[in-house]
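Input: a single structure, listed below in structure tokens.
The values are calculated or read from the model by the stated rules, or taken from the named source; none is laboratory data. Note that the coordinates shown come from a computational prediction; the quantities given were computed from them, not determined experimentally. Counting neighbours? That spans all protein chains shown, and the Cβs are built from the backbone with ideal geometry, glycine included.
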2 protein chains.
Amino acid sequence: MAQHKKEAFGTKEQNLATFAKALSHPARIAILSQLAKRNECICGELVEVLPLAQSTVSQHLKELKIAGLIDGTIDGPRSCYCINWKAFEKFYNDFSSLFTKLKEANARCC
Amino acid sequence: MAQHKKEAFGTKEQNLATFAKALSHPARIAILSQLAKRNECICGELVEVLPLAQSTVSQHLKELKIAGLIDGTIDGPRSCYCINWKAFEKFYNDFSSLFTKLKEANARCC
DNA sequence: TTCATTCATCGTATAAAAACGATTTAAACA
DNA sequence: TGTTTAAATCGTTTTTATACGATGAATGAA
């Protein structure tokens with residue numbers, strides 16, 4: 001009875017929602033901030049900094065990767081992650097467009 | 001075993017995550033777009049436009065309201081909703097700051 | 001080759017989200 | 001007062017997310 005109906009909406013809305021969902025957990029915001037702060041972005045360093053188990057951090061990294069916001073490369077026994085700037089910028093621009101559209105309409109709201 | 005640990009993160013990260021979560025469903029993006037498009041923002045009009053049951057739309061409206069992104073006023077037997085511009089702008093600015101911060105760090109990523 | 005390190009994945013448990021129908025509430029109107 | 005209309009809430013089901021420990025795979029070092 002609770003089948004999701006996300007497909008019933010437009011592509012633009014779905015893409016924006018996917019982007020927002022990737023950012024919808026403080027752990028993933030923290031991960032992005034850490035990736036931005038460091039030259040090296042090793043999974044283990046994130047585990048040290050975050051109040052979560054290693055497996056949980058790995059799971060969040062996977063979600064960010066699936067969303068396309070980060071890239072991961074294997075570096076020996078370690079994994080190095082970094083922000084996928086191109087994807088992130090695309091999503092950000094789409095979101096900014098929505099924001100601008102909403103803003104313009106603001107004046108005549110009830 | 002799966003108690004949420006969102007409280008273990010910073011306030012800034014939590015607030016951003018809450019904002020993103022409110023936008024993390026295409027129905028809620030569509031609702032915001034509709035609110036921006038119309039002079040009147042009656043719940044029933046949204047139900048007509050969206051591919052969802054009335055109770056489900058009401059639920060999404062409630063979430064947007066709890067997140068602070070919209071305001072609702074009772075208009076006779078109807079409910080009139082509009083975007084809470086101030087809150088929306090605050091969140092948007094916070095998000096833009098994060099984006100800028102990430103962007104500056106981009107050059108020295110692995 | 002063996003062992004330690006690092007991370008991903010699996011299995012599982014709990015919590016939250018999404019969706020709907022049915023019911024309730026509240027206002028407008030006859 | 002009773003009836004209609006509109007929307008919120010309730011109860012329920014299904015799906016997804018969050019979190020962890022345990023296991024597995026792959027690399028690097030002994």
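Structural remarks
- Residues in region B:23-38 that are among the basic types (Lys, Arg), at the interface with chain A (Cβ under 8 Å from one of its Cβ atoms) and more than 14 Å from B:GLN59 (Cα to Cα): B:LYS37 alone.
- A:VAL49 meets all of the listed conditions (1) touching a helix residue (DSSP H, G or I) at 6+ places or on another chain (Cβ under 8 Å); (2) more than 8 Å from chain B (Cβ to nearest Cβ); (3) more than 8 Å from DNA strand C (Cβ to nearest atom); (4) under 19 Å from A:PRO77 (Cβ atoms) but one, namely (4).
- Sole residue being in a helix (DSSP H, G or I), near DNA strand C (Cβ under 9 Å from one of its atoms) and over 13 Å from B:LEU32 (Cα atoms), chosen from B:THR56, B:THR100: B:THR56
- Residue list for region A:9-19, restricted to those being touching a helix residue (DSSP H, G or I) at 6+ places or on another chain (Cβ under 8 Å) and without any contact (Cβ under 8 Å) to a residue 24 or more places away in the chain: A:PHE9, A:GLY10, A:GLU13, A:GLN14, A:ALA17
- Residue within region A:21-32 that is within 9 Å of DNA strand C (Cβ to nearest atom) and part of a helix (DSSP H, G or I) present: yes
- Test: A:LYS65 is at pLDDT below 95 and in a helix (DSSP H, G or I): no
- As for region B:39-46, it holds no residue that is facing another protein chain (nearest Cβ under 7 Å), assigned to a helix (DSSP H, G or I) and of a type outside the set (Gly, Ala, Ser).
- Members of region B:43-91 found to be among the aromatic types (Phe, Trp, Tyr), crowded, with 19+ Cβ neighbours inside 10 Å and without any contact (Cβ under 8 Å) to a residue 24 or more places away in the chain, listed by number: B:PHE88
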